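I have placed the structure first, in the form of structure tokens, so that the comments after it can refer back to it.
Since every read-out is calculated from the coordinates, none of them should be taken as a lab result. Computed from a prediction, not measured in an experiment: that's the story for all the values here. Neighbour counts are summed over all protein chains in view; Cβ atoms, including those assigned to glycine, are modelled from backbone coordinates with ideal geometry.
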Amino acid sequence: MKSTAIVLAAGKGKRMNSSIHKQYLLLAGRPVICYSLETFQKCPFIDEIILVAGEGEEEYCRHEIAEKYGFDKVSRILPGGRERYDSVYAGLKAASGCDFVYIHDGARPFVDDKMLCRAREAVEKYQACVVGMPVKDTIKVMDQEGFAAATPERKSLFMVQTPQVFAYDVIRRAYDEVMSGENIQVTDDAMMVEKAMNIKVKLVEGSYENIKITTPEDLRIAECFCAK
Ligand SMILES: Nc1ccn([C@@H]2O[C@H](COP(=O)(O)OP(=O)(O)OP(=O)(O)O)[C@@H](O)[C@H]2O)c(=O)n1
Ligand SMILES: C[C@](O)(CO)[C@H](O)COP(=O)(O)O
């Protein structure tokens, strides 16, 4: 059974407001992207890593990330697209032939081997799973005027992270179907399966530290996690 990790690094990090794309910013002395690459590199059941880089950043990733830090499971580095789902789709096409695919945001440095093991167990059983954690705050649905329209029951709410892990044929068919349509409004990979396939996506325990570096304060929080 072949498992491929697709690590996404083609975003522009607009919300980080930094001249260097956030996945290459230094976190405790190493580029953010190196943390998740190292976890996949060391994971015994991940066979290869496909790194999806920004257009024109492929050589930088090859020399300054994969070669410099010794990530020899990185088999391909290819350009992503305008939206996250375009980048995932590019990675999926390159991963053709594998059995399971682990899709991960390169901007989430704190994926760990325990959550990868939980995800592997779930995907082998259910074909589709995502890691995440129960929501801690009360969540309101906001109406167009900025008033609270509803308060969903908190214990049914789960905030979703990556990796999102699928049997290859399931996620490839889901992407093929949704990407052939118009008005694609998806913010994660599980939504592709929810829209296109008659398969339920299992929710698996991630961790509260598995944050996405999105805005400058996230980098400061991540520095604290590294320091402990
Ligand atoms: N066209 C895109 C957009 C995003 N990503 C990747 O998807 C992950 C999650 O996306 P997000 O945090 O939204 O990153 P950005 O799009 O870079 O951020 P922003 O929306 O602030 O510009 C990141 O690892 C990012 O590099 C990608 O590969 N291709
Ligand atoms: C996939 C994801 O990480 C799940 O939380 C997230 O949706 C991607 O981030 P974005 O900010 O929506 O691009």
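The figures follow:
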item	result
Count - residues of the range 1-28 that are within 14 Å of ligand 2 (Cβ to nearest atom), surrounded by fewer than 24 Cβ atoms within 10 Å (Cβ to Cβ) and touching a residue at least 24 places away in the same chain (Cβ under 8 Å)	6
Options 111, 123, 101, 88: the member that is part of a loop (DSSP other than H, G, I, E, B) and buried (at least 21 other Cβ atoms within 10 Å of the Cβ)	111
Pick from the range 205-228, criterion among the basic types (Lys, Arg) and surrounded by fewer than 13 Cβ atoms within 10 Å (Cβ to Cβ), ranking: nearest to ligand 1 (Cβ to nearest atom)	220
Residue identified as closer than 13 Å to residue 204 by Cβ and in contact with an Asp or Glu (Cβ under 9 Å, 6 or more places away or on another chain) among 88, 160	160
Segments classed as helices (runs of 4 or more DSSP H), wholly inside the range 142-228, with at least 1 members that are free of Cβ contacts under 8 Å to residues at least 40 places away in the same chain and closer than 17 Å to residue 84 by Cα	168-179, 189-196
Given (1) touching an Asp or Glu at 6+ places or on another chain (Cβ under 8 Å); (2) within 16 Å of ligand 2 (Cβ to nearest atom), number of the condition residue 43 does not satisfy	(2)
Residue identified as within 16 Å of ligand 2 (Cβ to nearest atom) and over 18 Å from residue 3 (Cα atoms) among 69, 85, 89, 102	85
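Here's the yes/no breakdown for (1) closer than 24 Å to residue 158 by Cβ; (2) in contact with a helix residue (DSSP H, G or I) (Cβ under 9 Å, 6 or more places away or on another chain):
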{"position": "70", "(1), (2)": "no, yes"}
{"position": "108", "(1), (2)": "yes, yes"}
{"position": "130", "(1), (2)": "yes, yes"}
{"position": "133", "(1), (2)": "yes, no"}
